[in-house]
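Here the structure comes first, spelled out in structure tokens, and everything after it is commentary.
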Amino acid sequence: MSTQRIALVTGANKGIGYAIAQQLAKAGVRVILGARDAQRGQAAVASLRAQGLEVSAVALDVTDETSISAAAAVIQAEHGRLDILVNNAGIFDPADAPPSKASLAAARRTMETNFFGVLAVTQAMLPLLRAAPAGRIVNLSSSLGSLTLNGDPSSTYYAAQYIGYNASKAALNMLTVQLHEELKATGVIVNSVSPGFVKTDLTGYGTMTPEEGARLPVQFALEGTESGLFFEPGGRTPW
């Protein structure tokens, strides 16, 4: 069996996901790009292969359990294990807002992708991660998911009230905490990582490029022994 590490990055055909896939591949990891749209996934693969990088794509819609199961079956058949899972796929809905004004449909859509989607993918990939010598899970979170920062009037995040998005990332952080506890005897490391304030199609504005935003998630995907924690570019983030 090859010792080259195998990684799956969800939502990897553009933005931070693409940059994470690119940086992992440059570090010698065999990267599988999960993409909801198969054509866009193949276009991203072509772009990365043109850079001499070893990547492939798998059709993966994190809100479709059939799609998730099929992707897990492909990885099992081709590699027999998964060393790294980066749960990057996520959405922000423009109809999200403070609790009194938010669209319920928008909040549900956001929670479906950002929390239930991650839970479903992680459940499907756990047997493959357990089959790896040292499995790692990186959950792409946000400082907006910190209950501590949301409740601190001095925080720069205090006024950013998007009940669907913030709650979805808080739920994702709970998944990190509980996964760490459940998996600590298996050697699988799991952390929440906020990439920082990145300008992507998701936000439309920000202070960091996707390449800059990918650095911290990639760092936690590749190295370190800490688990069950929440990090952003400035260091540890409070839950």
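The C-beta contact set for segment 98-122 (first residue in a loop (DSSP other than H, G, I, E, B), second residue surrounded by 15 or more Cβ atoms within 10 Å (Cβ to Cβ) and of a type in the set (Phe, Trp, Tyr), distance under 8 angstrom, 6+ apart or interchain) comprises Pro98/Tyr162; Ala102/Tyr162. In segment 168-180, the residues that are more than 15 Å from Pro238 (Cα to Cα) and among the polar types (S, T, N, Q) reach residues that are modelled with pLDDT of 95 or more and part of a helix (DSSP H, G or I) with C-beta atoms within less than 6 angstrom, at least six apart or across chains, in these pairs: Ser168/Thr110; Ser168/Met111; Ser168/Asn114; Ser168/Phe115.
Among residues of segment 215-239 that are farther than 19 Å from Leu24 by Cα and basic (Lys, Arg), those with a beta-carbon under 8 Å from a residue that is modelled with pLDDT of 95 or more and in a loop (DSSP other than H, G, I, E, B) at least six positions away or on a different chain give the pairs Arg236/Leu229.
The residue list Ala57, Ala7, Ala44, Ala27 contains one member that is more than 13 Å from the chain's Cα centre (by Cα), modelled with pLDDT of 95 or more, closer than 23 Å to Ala124 by Cα and among the aliphatic types (A, V, I, L, M), which is Ala57. With respect to (1) at negative phi; (2) surrounded by fewer than 18 Cβ atoms within 10 Å (Cβ to Cβ), the lone exception for Gly80 is condition (1). Look at segment 142-153: where a residue is β-branched (Val, Ile, Thr), no partner that is assigned to a helix (DSSP H, G or I) and buried (at least 23 other Cβ atoms within 10 Å of the Cβ) sits 6+ places away or on another chain with Cβ atoms under 9 Å.
Taking the listed residues Gln23, Gln4, the one that is in contact (Cβ under 8 Å) with a residue 24 or more places away in the chain, over 24 Å from Thr113 (Cα atoms) and surrounded by fewer than 19 Cβ atoms within 10 Å (Cβ to Cβ) is Gln4, with no other qualifying.
The values are calculated or read from the model by the stated rules, or taken from the named source; none is laboratory data. This one's a predicted model, so the numbers in the text were calculated from it and none came from an experiment. Neighbour counts are summed over all protein chains in view; Cβ atoms, including those assigned to glycine, are modelled from backbone coordinates with ideal geometry.
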